[in-house]
Amino acid sequence: MHNKKLIDKLFPPNYDFYEILIKQAELTNKGINALLKWLSDTNNQDKYYNVLKLADDADTLRIDMEKKLIQSFITPFDRQDIYTISKSIDKIFDYSKSTIESMLDYTIECDDIILSMVEELSKGTVELTHALSILKENPLKSEEFVRPMREKENSIEKLYRKGMCILFNNSDTMEALKRREVYHHIKDAGKCLGDTIDVFHKIVVRLV
């Protein structure tokens with residue numbers, strides 16, 4: 001047993017953290033697209049449970065990645081950056097899941113603001129996946145995705161403000177408060193996309 005622990009220290013496992021992060025981004029985008037499908041048919045239980053299943057899958061992947069990070073002696077880039085970008089990606093999905101839960105709890109129907117915000121979030125995670133997929137081989141090229149991702153983040157913020165202006169003119173105060181909660185969850189998901197971009201950009205700068 002002692003010899004095994006010594007061998008483990010001398011030859012720690014080697015994991016492909018680039019690939020793990022790509023899979024996490026892909027799974028997050030898949031989950032947001034599942035949310036979009038549910039928004040088009042909010043009474044469909046299968047679509048609802050599919051979002052929850054994908055959220056569980058994403059959590060499992062992140063937890064497994066964190067275990068691998070602890071086991072690894074050497075990482076392809078700063079281990080704190082790996083942990084932080086993974087956690088930020090995870091929060092994008094967490095707030096997306098909170099969106100669906102809030103809509104059900106408050107009996108809120110989908111509107112154009114909700115749909116548009118989630119669509120922009122989906123586009124942003126597609127670009128994140130593409131950026132991560134070429135980070136290892138061509139970090140400088142991957143940096144080109146930063147600006148388009150920022151545009152999606154800014155678009156979500158603008159849509160949020162537009163939605164709030166509409167709500168402020170709504171005579172139904174309780175309805176406005178409920179919708180504001182839903183809008184804010186998507187806005188928070190957009191903020192987490194922005195946090196992810198920040199870490200990603202820092203990784204690129206360190207790699208080039």
## Note on the structure
Summed over the other residues with a beta carbon less than 13 angstrom from that of ASP78, with K and R at +1 and D and E at -1, the charge totals +2
### Task
Using only Cα atoms, locate the centre of segment 166-202 and the centre of segment 63-115, then give the distance between them in Å, rounded to an integer.
16 Å
### Message
My understanding is that a pair violates if its Cα-Cα distance is over 24 Å; which of LYS67/LYS123; LYS141/LYS162; LYS53/LYS123; LYS87/LYS191; LYS37/LYS187; LYS97/LYS162 do that in this structure?
### Response
LYS67/LYS123; LYS141/LYS162
### Task
Mind checking the full-extension length gain between ASP198 and ILE70? Use 0.36 nm per residue of separation minus the Cα-Cα distance, one decimal, nm.
43.7 nm
### Task
Please report the orientation-averaged projected area of the chain, defined via the convex hull of its C-alpha atoms, in nm².
13.1 nm²
### Summary
Computed over segment 83-208, the relative contact order (Cα-Cα under 8 Å, seq sep at least six) in percent reads 44 percent
### Task
Apply 1/(1 + (r/R0)^6) to the Cβ-Cβ distance of GLU137 and SER171, taking R0 = 41 Å, and write down the FRET efficiency to the nearest 0.05.
0.15
### Query
Helix-derived [θ] at 222 nm for the chain: sum -39500 (n - 2.57) over DSSP H runs of at least 4, divide by residue count, nearest 500?
-28500 deg cm²/dmol
### Query
To one decimal place, what Kirkwood hydrodynamic radius in Å is obtained for segment 16-119 from all pairs of distinct Cα atoms?
14.7 Å
### Message
Under a crude label model (7 Å from the Cα following the beta-carbon direction), how far is ARG79 from CYS110 in nanometres?
### Response
4.3 nm
#### Entry: Summed residue charge, Cβ within 12 Å of LYS178's Cβ, Lys/Arg positive, Asp/Glu negative
-4
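Where a number appears in this text, it was derived from the coordinates with a stated rule and is not lab data. Predicted model only: the values in this text are computed from it and were never measured. Counting neighbours? That spans all protein chains shown, and the Cβs are built from the backbone with ideal geometry, glycine included.
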